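A short write-up of the structure that comes next.
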Amino acid sequence: MNKNDLFYTCSLIEYIGRKMKMKRGAVVNAITYEQVKRIYSYADVFHSDIIEKVADEFIEASHIEEGDYDNVSACKYTVPSYWDIGEVFARLIEDAYTEGEDLIKLIMDIFNSWLADAISNYNSDLYYQPRDYIYECYKENKICA
């Protein structure tokens, strides 16, 4: 697993979700397994271009239409950057990954999980909790006390 490529992949998914007002699971489902794999495989190339342009290419290729999930406008506090949230997801995926596992499937599964929606609630404090706590929540399938 290449951590830099994973970080870029997660950040791009987050960026597309914000731009198109979609839950992050809906984003990965719309761009499909093959396109998520392409993003991860060529992240070292894509990152040399501006993220807005790369996002627009995937939005157009996947025929993504704007939704109504606007967690950025709903945020009452300082909105974390898409890079910050991309890092939260990348760390969770790193922690959940086991050698030999289908990394792309894991990326899609995590972005489709209840925890992705919880992380995307910027009015909560979950997204800036320690990575081991977020992973424990994922393993336990609930917010841990």
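The values are calculated or read from the model by the stated rules, or taken from the named source; none is laboratory data. The structure displayed is predicted, hence computed values, not measured ones. So basically every Cβ, Gly included, is an ideal-geometry build from the backbone, and we count neighbours across all protein chains shown. The accessibility values were calculated without ligands, DNA or RNA, using every heavy atom of the protein model including side chains. Shrake-Rupley method; radii C 1.70, N 1.55, O 1.52, S 1.80 Å.
Accessible surface calculations at 1.4 Å, restricted to protein heavy atoms, place the chain at 53 Å² per residue. Non-local lysine pairs in the range 20-145, meaning eight or more places apart or on different chains, with alpha-carbon distances under 28 Å, amount to 19. Relative to the Cα centre, the charge distribution of the chain, modelled as +1 at Lys and Arg Cβ and -1 at Asp and Glu Cβ, gives a dipole magnitude of about 240 debye. In the chain, the portion of solvent-accessible area held by carbon and sulfur atoms comes to 48 percent [1.4 Å probe, whole percent, DNA, RNA and ligands not counted]. Mean sequence separation of contacting Cα pairs (under 8 Å, at least six apart), scaled by the length of the chain, corresponds to a relative contact order of 32 percent. For the chain, treating each Cα as an identical point scatterer without solvent, what Debye log10 I(q)/I(0) comes out at q = 0.20 1/Å? Result of the Debye calculation: -1.29.
Using 0.36 nm per residue, how much length does the chain from Ser41 to Ala61 gain when fully extended, once their Cα-Cα distance is taken away? Mind showing how you got there, number by number?
Values: separation 20, 0.36 × 20 = 7.20 nm, distance 1.71 nm.
Net length gain for the segment: 5.5 nm.
Loop-located GluC sites (Glu not before Pro) in the range 28-109 (DSSP state other than H, G, I, E, B) with a sparse environment of at most 10 neighbouring Cβ atoms within 10 Å: Glu65, Glu99.
Placing +1 at every Lys and Arg Cβ and -1 at every Asp and Glu Cβ, with all other atoms neutral, what dipole size does the range 1-58 have around its Cα centre, in debye to the nearest 20?
Values: 9 positive and 8 negative charges, 66 e Å.
Once rounded to the nearest 20, the dipole reads 320 debye.
Taking the square roots of 5 times each eigenvalue of the Cα gyration tensor of the range 16-97, largest first, gives ellipsoid semi-axes of 20, 17, 13 Å.
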